[in-house]
Amino acid sequence: MPVDRDTDVVITGAGPTGLVLALDLARRGVRTLLLERADGLFPGSRGKGLQPRSLEVLDDLGVLPGVLAAGGPYPRMLAWEGTERRGEWDMVPRSQPTERVPYANTLLIPQSRTQELLYERLTALGGGVRFGTALTGLRQDHAGVAAELSTGETVRAAYLVGADGGRSTVRRALGIGMTGETVDPRPMLVADVRIAPGTVAGRDHWHVWRAPDGGVALCPLPGDATLFQLAATFEDPAAVVDTTPEGVRALLAARTPLDADQITDVPWASDYRARAALADRFREGRVLLAGDAAHVHSPAGGQGLNTGVQDAYNLGWKLAQVLLHGAPAALLDSYEAERRPVAADVLGLSTRLHRATADGEATQRGKDVQQLDLGYRDSALAVDTRPETSGDTLRAGDRAPDGRHGEGRLFDLFRGPHFTLLTAGDAEPPAALPEQVRTARLTAPGEPYRTGVYLIRPDGYVGWAGDRADASLDAYLTAVGLAPAGLPA
């Protein structure tokens with residue numbers, strides 16, 4: 001019997017995670033209410049690096065052209081002693097795009113601009129954000145969730161997703177704990193500053209100074225010829241961080257050759273102590289956690305925002321399959337099963353990078369920050385009927401790489417909310433498949449798509465793989481809410 005609801009999904013928090021989830025659900029036709037307690041989008045540069053895997057997600061969501069136009073490559077690091085140059089290096093390695101990896105490098109773009117582009121795409125699809133509206137409480141039962149809002153309203157939904165940051169109201173309301181540690185007891189200041197042209201801080205480098213009481217790094221941000229992100233450390237754990245414009249100017253004047261009056265504006269500033277923490281679980285009934293509400297990272301390596309984007313991308317199609325296509329609610333169990341181990345691994349990576357940098361190492365980020373090798377081989381949604389082999393074989397649970405297909409690319413085939421059944425070589429597809437599954441053939445198989453059949457999930461991972469389509473593919477289709485094709489055993 002249908003249950004009357006005001007919406008299908010309530011999402012709290014219009015940061016990158018909440019916006020990606022709302023956008024993904026909107027293109028699938030899922031009714032969504034996105035709440036944001038602030039009166040507008042976050043205004044600062046905080047999470048300024050988009051990793052290659054996130055760029056692939058934004059490609060699928062139709063946001064990538066604007067993101068590439070607004071961003072740019074990371075500049076080389078330049079160490080200074082006063083006004084004397086002391087050496088330069090690449091923190092982020094440069095790679096050449098390949099057929100499999102079309103977006104090979106981390107993109108520098110202020111978080112605020114990323115969010116603006118996601119919001120523009122969301123509104124183009126008919127979605128939106130309820131600004132100035134906070135979640136104040138929630139109740140759930142077998143039929144749905146009642147979300148209590150700061151406006152006095154109560155909104156009913158089938159599911160609620162907390163993407164409301166490290167101090168998540170949703171997580172606290174559920175009583176879900178966070179297990180973690182303080183990565184560094186020393187405070188940090190992060191701010192956006194505008195610096196008058198013609199100073200020592202040119203825009204062709206990421207500038208670094210060290211002082212007895214802490215270091216300073218100034219990274220030029222694309223899109224504004226005077227805007228930099230400032231990151232400052234403090235050696236004294238008891239230091240009081242002054243985030244006022246006057247305090248930021250005074251810090252830069254004390255630790256760099258810049259004069260206070262050369263800092264023309266401080267649009268945003270924040271202080272924090274780096275910590276790493278992981279929610280004990282990502283789901284409680286009809287309520288799920290994503291992004292910083294589920295895992296809190298050090299900013300080192302640019303992993304926090306990107307991991308949240310991957311959470312949303314993993315969850316969106318699963319919610320849609322349950323809500324619109326009859327998939328069993330148990331499909332949502334795979335969200336925590338897949339994403340929590342990934343978040344734990346990424347937390348370890350960002351913590352190691354933070355501590356190495358804090359100890360004065362000139363660290364270079366490697367392939368491990370790009371999130372291209374993260375996968376779900378141990379997931380119940382990774383079914384591979386072929387014998388395991390060594391080497392470069394693409395397995396169920398792996399990211400489905402890009403490659404040439406006719407006059408275009410495989411990513412062109414994958415783009416959209418559908419599943420893709422890819423046959424390579426002389427393997428035959430089923431005679432009939434549900435409408436949600438598109439089919440394509442690779443006539444010249446090779447690495448990584450050897451002869452066989454591959455069902456690509458909507459989030460770009462191989463869900464099922466085999467030498468031929470058989471009854472186990474039908475079982476998989478049923479488990480994700482798709483009609484079976486009637487395949488023989």
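The values are calculated or read from the model by the stated rules, or taken from the named source; none is laboratory data. From a predicted model like this one, the values you see are computed outputs, not experimental measurements. We place every Cβ from the backbone using ideal geometry, glycine too, and count neighbours over all the protein chains shown. Quick note on the areas: whole protein, heavy atoms, side chains included, nothing else; ligands and nucleic acids left out. Shrake-Rupley method; radii C 1.70, N 1.55, O 1.52, S 1.80 Å.
Between the alpha-carbon centres of the stretch 183-254 and the stretch 134-160 there is a gap of 41 Å.
When you filter the trypsin sites (Lys or Arg not before Pro) in the stretch 247-288 for DSSP loop state and at most 16 other Cβ atoms inside 10 Å of their Cβ, you are left with 281. Once the 1.4 Å probe is applied to the protein heavy atoms, the chain comes out at 41 Å² accessible per residue. Size check on the stretch 23-88: the Cα extents along the three principal axes, sorted descending, read 57, 29, 17 Å.
In percent, what relative contact order does the stretch 1-148 have, based on Cα pairs under 8 Å that are 6 or more apart in sequence?
Values: 223 pairs, mean separation 49.2, N = 148.
Taking the mean separation of contacting Cα pairs over the length of the stretch 1-148, I get 33 percent.
Working from Cα pairs under 8 Å separated by at least six residues, relative contact order for the stretch 60-110 is 38 percent. Charge dipole (Cα centre; +1 on Lys/Arg Cβ, -1 on Asp/Glu Cβ; no other charges) of the chain amounts to roughly 260 debye. When Rg and the Kirkwood Rh are both derived from Cα coordinates, the Rg/Rh ratio for the stretch 166-244 amounts to 1.12. A quarter of the convex hull surface defined by the alpha-carbon atoms of the stretch 13-57 gives 3.8 nm² as the mean projection. Its relative contact order, with pairs defined as Cα atoms under 8 Å and 6+ residues apart, puts the chain at 16 percent.
Counted by Cβ distance under 10 Å from residue 176, the other residues give a net charge of +2, where Lys and Arg count +1 and Asp and Glu count -1. The phi-based Karplus calculation (6.51 cos²θ - 1.76 cosθ + 1.60; θ = phi - 60°) puts the 3J(HN,Hα) values of the stretch 435-452 at 4, 6, 10, 8, 10, 8, 10, 9, 7, 10, x, x, 6, x, 8, 6, 3, x Hz, whole numbers, x for Gly and Pro.
Of the GluC sites (Glu not before Pro) found in the stretch 81-190, those in coil by DSSP whose Cβ has at most 13 other Cβ atoms within 10 Å are 99, 153.
Share of the chain's accessible area from carbon and sulfur, percent, 1.4 Å? Carbon and sulfur atoms account for 50 percent of the accessible area of the chain.
If I model the chain as equal point scatterers sitting on the Cα atoms and use the Debye formula, what is log10 I(q)/I(0) at q = 0.08, 0.11 Å⁻¹? For the chain, the Cα-only Debye profile gives -0.51, -0.94.
Just check the stretch 114-195 against the gyration tensor rule for me: Cα atoms, a ≥ b ≥ c as the square roots of the eigenvalues, rounded for a/c under 1.5, and otherwise prolate or oblate depending on whether a/b exceeds b/c.
Oblate is the answer for the stretch 114-195, as a/c is 1.5 or above yet b/c matches or exceeds a/b.
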